[in-house]
Amino acid sequence: KQEVTQIPAALSVPEGENLVLNCSFTDSAIYNLQWFRQDPGKGLTSLLLIQSSQREQTSGRLNASLDKSSGRSTLYIAASQPGDSATYLCAAWMDSSYKLIFGSGTRLLVRP
Amino acid sequence: DAGITQSPRYKITETGRQVTLMCHQTWSHSYMFWYRQDLGHGLRLIYYSAAADITDKGEVPDGYVVSRSKTENFPLTLESATRSQTSVYFCASTLRWGTLNSGANVLTFGAGSRLTVL
């Protein structure tokens, strides 16, 4: 059974720091991995999706990498800002089903 | 308004009552999903739909019913609400699923419906 784990559960950093959020999965047979952002009381916003054939994707200050062999994905946030404060979730799509398997998220606080 | 909207945003009900959560999207996305989000369990798929009149069970479907008579609407009904169904419910949609084409599988979520069952 696929499990997706995100460590740490919470992270607090000063503004301007570069930071890395981690996502690990137990079964390397994933089709793609997606990173989401969730603001309090809001829905999820898709940030980046990495296909299994890709190693990374970039959008602005965000860079997501995927290493299937080690069962890991990382989300790199450059020059963090207070507006980046949110919960970040990763989700793996495993097979021909319609189910995404979500991690429990990392709650990020960027202090001014 | 364009996008995906859920209603009601907040609902308090009593055990045994029937509750319907509405989801409406304006993009004509083929695929729609219902998730619930709970502390300690993360997001779990309840039901999904690949097109109008095509629905199927997800990970935790017991106690829920869905329908999709129109592409844009995907209501979720709790036939007899229980306390364990207290949760935040999210509807999501995407145009394409199951391919490696650009944009496929990218989900757009609604703002959520917070349901409390007393």
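Inside 10 Å of the C-beta atoms of A:36-42, what's the mean count of C-beta atoms belonging to other chains?
Working: counts 3, 0, 5, 1, 0, 5, 5.
Partner-chain Cβ atoms within 10 Å, mean over residues of A:36-42: 3.
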Taking amide H positions as placed 1.01 Å from N in the peptide plane, with prolines and chain starts having none, which residues 5 or more places from residue A:44, or on another chain, fall under 5 Å of its amide H? B:109
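Count the net charge of all other residues whose Cβ sits under 15 Å from the Cβ of residue B:67, scoring Lys and Arg as +1 and Asp and Glu as -1. Walk me through the intermediate numbers first.
Numbers: positive: B:57, B:68, B:70; negative: B:53, B:56, B:72, B:79.
With Lys, Arg at +1 and Asp, Glu at -1, the net is -1.
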Highest-MSF residue in chain B out of B:88, B:66, B:106 [GNM, Cα springs under 10 Å]: B:106
Over the alpha-carbon set of the stretch B:1-64, work out the extent along each principal axis and list the three values in angstrom, largest first. 34, 26, 24
Restricting to DSSP loop positions (anything but H, G, I, E, B) with no more than 14 other Cβ atoms inside 10 Å of their own Cβ, which trypsin sites (Lys or Arg not before Pro) remain in the stretch B:5-73? B:9, B:17, B:70
Estimated vicinal HN-Hα couplings, Hz - the stretch B:29-44 in sequence order (Karplus 6.51, -1.76, 1.60; Gly, Pro = x): 5, 6, 9, 9, 9, 10, 10, 10, 10, 10, 4, x, 10, x, 8, 10
Per-residue counts of other Cβ atoms within 10 Å, averaged by peptide: what ranking do you get for A:44-53, A:5-14, B:77-86, highest first? A:44-53, B:77-86, A:5-14
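Take every residue in peptide B:44-52, count the Cβ atoms of other chains within 10 Å of its Cβ, and give the average of those counts. Each step should come with its number before you reach the end.
Working: counts 4, 6, 0, 1, 3, 1, 1, 0, 0.
For peptide B:44-52, the averaged partner shielding equals 2.
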Quick one: buried accessible area between B and A, total over both chains, 1.4 angstrom probe, nearest 100 Å²? 1700
Note, the stretch A:52-59: 3J(HN,Hα) by Karplus (6.51, -1.76, 1.60, θ = phi - 60°), whole Hz, Gly/Pro = x, goes 4, 7, 9, 10, 7, 9, 10, 8
Debye calculation, C-alpha points only, no solvent: report log10 I(q)/I(0) for chain A at q = 0.19 Å⁻¹, in the same order as the q values. -0.93
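Starting from the coordinates of the alpha-carbon atoms of the protein assembly as shown, obtain the Kirkwood hydrodynamic radius over all distinct pairs and give the value in Å to one decimal.
Numbers: mean 1/r = 0.0551 Å⁻¹.
Across the protein assembly as shown, the inverse of the average 1/r is 18.1 Å.
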Residues of chain A: accessible area per residue at 1.4 Å, in Å²? 46
Here the stretch B:25-118 gives, from Cα atoms, an Rg and Dmax in Å of 13.3, 45
Once the other residues with Cβ under 14 Å from the Cβ of residue B:88 are scored (Lys, Arg +1; Asp, Glu -1), what is the net sum? +4
Using θ = phi - 60° and the Karplus form 6.51 cos²θ - 1.76 cosθ + 1.60, what ³J(HN,Hα) does each residue of the stretch A:37-51 get, whole Hz, x for Gly and Pro? 10, 10, 8, x, x, 10, x, 8, 10, 6, 9, 8, 10, 10, 6
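The values are calculated or read from the model by the stated rules, or taken from the named source; none is laboratory data. As the structure is a computational prediction, the values presented were derived from the model and not from experiment. Positions of Cβ are backbone-derived with ideal geometry, glycine not excepted, and every protein chain shown enters the neighbour counts. Just the protein is used for accessible areas: all its heavy atoms, side chains included, with ligands, DNA and RNA removed. Shrake-Rupley method; radii C 1.70, N 1.55, O 1.52, S 1.80 Å.
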